[in-house]
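Only one structure is covered here, and it is reproduced in the block below.
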Amino acid sequence: MDESPKRFDRIVAILIQLQSKKIVKAQELADRFDCSLRTIYRDIRTLEASGVPIYSEAGVGYALMDGYRLPPVMFTREEVSSFIAAEKLMQKFTDPSLGAHYTSAMYKLKSVLRGTDKDWLSNIESKILMQSQEPLFHDSSPNTLAVLFESIAEKKQILLSYKTIEAQEVSKRNIEPVGVFHDHNNWYFLGYCHLRKDYRQFRTDRIQGIQKTDLTFTIEHDSLETYLVKSETIPTTKVRILVSKKILNHLRHEQKYHGYVSEREVDGQIEMTFMSRNVHEHFSRWLLMFGDYATILEPESLKTRVLELIEAYKKRLS
């Protein structure tokens, strides 16, 4: 089989990726194109031989000389379609500031499309709609993500006004943001809190105010993944429940957030096993939503807690 067209596409893609970042590691390229490091080294030499000014540093990676740029790149129709999906997601999941920047970038992308591809794009984008949902950002802090991104990139502390579910007052604290992530239909960021002298997670819709300061980071932070993995080591409690098949699909959406492990069929019902981090509050309250279709097998403490919640609610009804 002739590999020349495939290799040509890979070499062009490597050149585009070199333009997209200041430094690109050989292993990063090998992982993306599912090939060996030897193949990447050969492709880099081909680019160099064709006159592309690439410099490399052992153990660091490859970079293009300052000032070198590719001419405008033509996109495939599949890539054009992906722009629409990305634009609709940006409209739904980001704050107004980032959304405006992305819209501006989309105009630039659309400007280099062929006429037929512009028609293709227009036909698709008018037929795709992202339904509205609960606000991801507080009205008083609409550009939270944009400020967080700037803070992380420049390693400057932020001044955060934050209100937890339990607290009545808004607290102010200096934070060194480590990273931003989306989970369970909400945006969160993790950062070092100078008030608590420890790392904390913050939900964006509870942020009442955020502003970047001139204070630089005081700590060299690990990657976001490092801290999220550490949070998974919180002690857990084994929970087993027996549920009707009627509601199984309703549980699918949130089961992983409650430590879902496995399930098996028992006498026409489904026995589900969880390793819960918070049995008495999060799991017990979640269970009550479908309690008339579920039986608690273990632990006994969960049965006791559910009965307490039911009794408390009965008093409110009386």
message = Would you calculate the convex hull of the Cα atoms in the chain and tell me its volume per residue in Å³?
response = 245
request  = Report, ordered by chain and residue number, the aspartates and glutamates lying within cross-link reach of Lys22, taken as a straight Cα distance under 12 Å and ignoring same-chain residues fewer than 8 apart.
outcome  = Asp66
query = Summing -39500 (n - 2.57) over the DSSP H runs of n ≥ 4 in the chain and dividing by its residue number, what mean residue ellipticity at 222 nm do you reach, to the nearest 500 deg cm²/dmol?
reply = -12500 deg cm²/dmol
query = Most mobile of Tyr102, Tyr162, Tyr257 per a Gaussian network model of the chain (Cα springs, under 10 Å)?
reply = Tyr257
ask   = So which of Lys127/Lys246; Lys6/Lys127; Lys25/Lys230 end up more than 29 Å apart, counting from Cα to Cα?
value = Lys127/Lys246; Lys6/Lys127
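Among 181-187, 135-141, how do they line up by average Cβ neighbours within 10 Å per residue, starting with the highest? Show your work: numbers first, answer last.
Numbers: 181-187: 12.9, 135-141: 15.1.
The densest-packed peptide leads the list: 135-141, 181-187.
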ask   = Among Lys238/Lys303; Lys88/Lys155; Lys172/Lys212; Lys156/Lys256, which pairs are too far apart, with a Cα-Cα distance over 24 Å?
value = Lys88/Lys155; Lys156/Lys256
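Could you work out the relative contact order of the range 244-313? I mean the mean sequence separation of Cα pairs under 8 Å and 6+ apart, divided by the number of residues, in percent. Write out the running numbers ahead of the final one.
Numbers: 53 pairs, mean separation 18.0, N = 70.
Relative contact order here is 26 percent.
Please compute the alpha carbon radius of gyration of the range 240-318, then divide it by the globular-protein estimate 2.2 N^0.38 Å. Two decimals is fine.
Taking the Cα Rg and dividing by 2.2 N^0.38 Å, one obtains 1.09.
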ask   = Per residue, what accessible area does the range 98-239 have, given a 1.4 Å probe and all protein chains present, in Å²?
value = 60
query = If only Cα atoms are counted, what is the Rg of the range 151-292, and what is its Dmax, in Å?
reply = 19.1, 64
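When the convex hull of the C-alpha atoms of the range 199-246 is computed, what volume per residue in Å³ does it have?
Working: hull volume 8.2 nm³, N = 48.
Per-residue hull volume (Cα only) is 170 Å³.
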Per-selection Kirkwood Rh - the range 162-232 (Cα, Å, 1 d.p.) = 13.1
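Once the Cα gyration tensor of the range 78-182 is found, what semi-axes does its equivalent ellipsoid get, as square roots of 5 times the eigenvalues, in whole Å, sorted largest first?
Values: eigenvalues 243, 55, 18 Å².
Largest first, the range 78-182 gives 35, 17, 9 Å.
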message = Can you give me the % of accessible surface on the range 27-98 that is carbon or sulfur? Probe 1.4 Å, all protein chains present, nothing else counted.
response = 53
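The values are calculated or read from the model by the stated rules, or taken from the named source; none is laboratory data. All of these numbers come straight from a predicted model, not from anything done at the bench. Quick reminder, even Gly has a Cβ in these numbers, built from the backbone with ideal geometry, and neighbours come from all protein chains shown. Heads up: the accessible areas ignore ligands, DNA and RNA and are worked out on the full protein's heavy atoms, side chains in. Shrake-Rupley method; radii C 1.70, N 1.55, O 1.52, S 1.80 Å.
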